[in-house]
1. Using only Cα atoms, tell me the angle between helix A:22-32 and the longest principal axis of chain A; keep it within 0 to 90° and round to the nearest 10.
2. By how many degrees, between 0 and 90 and to the nearest 10, does the Cα long axis of helix A:147-161 differ from the longest principal axis of chain A?
3. What spacing in nm lies between the two simple spin-label points modelled at residue A:89 and residue A:52, each 7 Å away from Cα in the Cβ direction?
4. Please figure out what share of the DSSP beta bridges in the protein assembly as shown is antiparallel and state it in percent, rounded to the nearest 5.
5. For a label point 7 angstrom out from the Cα of residue A:205 toward its Cβ, which stretches of region A:1-36 have the backbone nitrogen within less than 14 Å?
6. Take chain B, connect every pair of alpha-carbon atoms lying under 10 Å apart with a spring to form a Gaussian network, then pick out the residue of B:160, B:134, B:82 with the largest mean-square fluctuation.
7. What FRET efficiency, computed as 1/(1 + (r/R0)^6) with R0 = 35 Å and r the Cβ-Cβ distance, is obtained for residue A:177 and residue B:178, rounded to the nearest 0.05?
8. On a 0 to 90 degree scale, rounded to 10, what angle separates helix B:108-117 from the longest Cα axis of chain B?
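None of the figures in this text is laboratory data; all of them are computed from the coordinates on show. All of these numbers come straight from a predicted model, not from anything done at the bench. Counting neighbours? That spans all protein chains shown, and the Cβs are built from the backbone with ideal geometry, glycine included.
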């Protein structure tokens, strides 16, 4: 019987300014690849009309969030626009233990915190919008947003963009299909990275018999 | 005018024991991807009937090879089965300068030497055959080889296989199409690696204006 090569699950982080297409890309990646599952963040902010609890976020009260943070139940957590966001640990550890990969839609602060806790497993991708005009256009697209919110988002986008040098990969989302192919390639490639593979030594020994 | 993101050319090394399908995979990758060119090695061994000079190898005399080595015209060179093999520097440097990637079909010794000279640009992939039986079968397939040559090749294959831990990626070539997809993914992903990109800072500055 020949040895079987298995691998450690990896943590794929997608970060980008709001308006770079990250949410769409995440959904399409999850639909296209059955080996990766989404890490669903907990948040204290209000649910938007198009959002579903436990799919888009775990919507929790500020009190409950505080309890979870105090009990060290988060990989990372942060406060953005007076709302709290955090990545619950248990579902991620469970998925990795099953050999599944986990997708994270988090910002640079979350990525920094994840890096400290899971350097080996982490693969980080920063997605840039194709141009300033396109970014502005995409941020104005949400009809329910006030001008003040849009201005805040532009400032936040600039702040987020400044962190691109902290990521392993950088892609420009000028064409959604091309960007999706690039993310799938990164995932496929990182799955073949030697340091993630388990049992290659035994497999190679069988070959050399 | 928005800044343009360019990238440094990379050096993609494919190594494997003879009989793991590396030559076929190299040819198919070159056909599928116009952004990568083959590094053609120089060798002192005799041309085989199915080989073409300057496509498969630069076939040179032992004297000429010695002159090239003395003039430091090789990235790496080695002696295998009493024949000399080397990678000429100039075509590689020219291709990289044009932003092209370069594919290397070299063994572990050549890879080690390339690593010392071009650590940043290098991406190394080790290809394993799917099983001992399959490897043996593939090595016996060449009708013109004597039993002695086959035995030598099996020993050399085992020696080559033992170097898999020195590579960035490891793939098992059980299915040629799947292996090709994996190599293409590695190439596509590595092209998006932040450290290879040029001009992201300027591009990001335009976005943040």
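1. Taking Cα atoms only, the helix is inclined about 40 degrees.
2. 30
3. Roughly 2.9 nm, to one decimal.
4. Looking only at bridges with both residues in the protein assembly as shown, the antiparallel portion is about 35 percent.
5. Under cut-off, by backbone N: A:1-5.
6. Comparing B:160, B:134, B:82 in a Gaussian network model of chain B, the most mobile one is B:82.
7. Rounded to the nearest 0.05, the efficiency is 0.95.
8. Orientation of helix B:108-117: about 30 degrees from the principal axis.
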